1. Is it true that residue 36 is over 30 Å from residue 14 (Cβ atoms), among the hydrophobic types (A, V, I, L, M, F, W, C) and not in a helix (DSSP H, G or I)?
2. When only residues in the stretch 55-86 that are surrounded by 11 or more Cβ atoms within 10 Å (Cβ to Cβ) and polar (S, T, N, Q) count, which is farthest from residue 11 (Cα to Cα)?
3. For residues in the stretch 12-28 being surrounded by 13 or more Cβ atoms within 10 Å (Cβ to Cβ) and of a type in the set (Val, Ile, Thr), which is nearest to residue 74 (Cα to Cα)?
4. Does the stretch 31-71 hold any residues that are basic (Lys, Arg) and either more than 27 Å from residue 20 (Cα to Cα) or in contact (Cβ under 8 Å) with a residue 12 or more places away in the chain (or both), and which are they?
5. For residue 9, only one of the following conditions fails: (1) surrounded by fewer than 10 Cβ atoms within 10 Å (Cβ to Cβ); (2) of a type in the set (A, V, I, L, M); (3) touching a helix residue (DSSP H, G or I) at 6+ places or on another chain (Cβ under 8 Å). What is its number?
6. So, in the stretch 62-80, of the ones that are β-branched (Val, Ile, Thr) and in a helix (DSSP H, G or I), which residue ends up nearest to the chain's Cα centre (by Cα)?
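Every number in this text was worked out from the coordinates using simple rules, so none of it is lab data. Owing to the predicted nature of the structure, the values given are computational and were not obtained by experimental measurement. Counting neighbours? That spans all protein chains shown, and the Cβs are built from the backbone with ideal geometry, glycine included.
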Amino acid sequence: MAFNPLVAIFMPLLYLLLSTFVMLQFSVVLSLVGVAGVKVRSIGQLAAIEPVITTLVDYLTRVFGPLHKFTPQPTHILLMAVVVALVANGSGRRK
């Protein structure tokens with residue numbers, strides 16, 4: 001397989017773009033979990049899972065702060081780009 005210089009130029013940009021979308025999707029999931037924590041209290045049929053959801057929302061709030069206000073920082077984006085690059089390039093190699 002020959003080395004393509006265009007791949008060396010554009011792949012880091014694609015990793016950053018993909019990691020940006022991943023982190024934005026993660027922030028949407030966090031806010032949905034926060035909304036689910038509020039909704040589960042008002043639905044009587046979900047009373048059995050209310051302690052689990054409440055504990056999860058409390059834990060995520062302690063870790064990330066208010067869930068509806070989470071915004072990915074540049075450090076988050078760069079670390080996710082490293083993870084994406086490792087997953088993309090490490091999956092095809094076998095010992």
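1. Values: over 30 Å from residue 14 (Cβ atoms): yes; among the hydrophobic types (A, V, I, L, M, F, W, C): yes; not in a helix (DSSP H, G or I): no.
No.
2. Filtering the stretch 55-86 for residues that are surrounded by 11 or more Cβ atoms within 10 Å (Cβ to Cβ) and polar (S, T, N, Q), the one farthest from residue 11 (Cα to Cα) comes out as 55.
3. 20
4. So the first thing to find is which residues in the stretch 31-71 are basic (Lys, Arg), and the list is 39, 41, 62, 69.
Residues satisfying the conditions are 39, 41.
5. Condition not satisfied by residue 9: (3).
6. Of the stretch 62-80, the ones β-branched (Val, Ile, Thr) are 63, 71, 75, 77.
Applying the additional criterion that residues be in a helix (DSSP H, G or I) yields 63, 75, 77.
Working: 63: 14, 75: 13, 77: 10 Å.
In this case the residue turns out to be 77.
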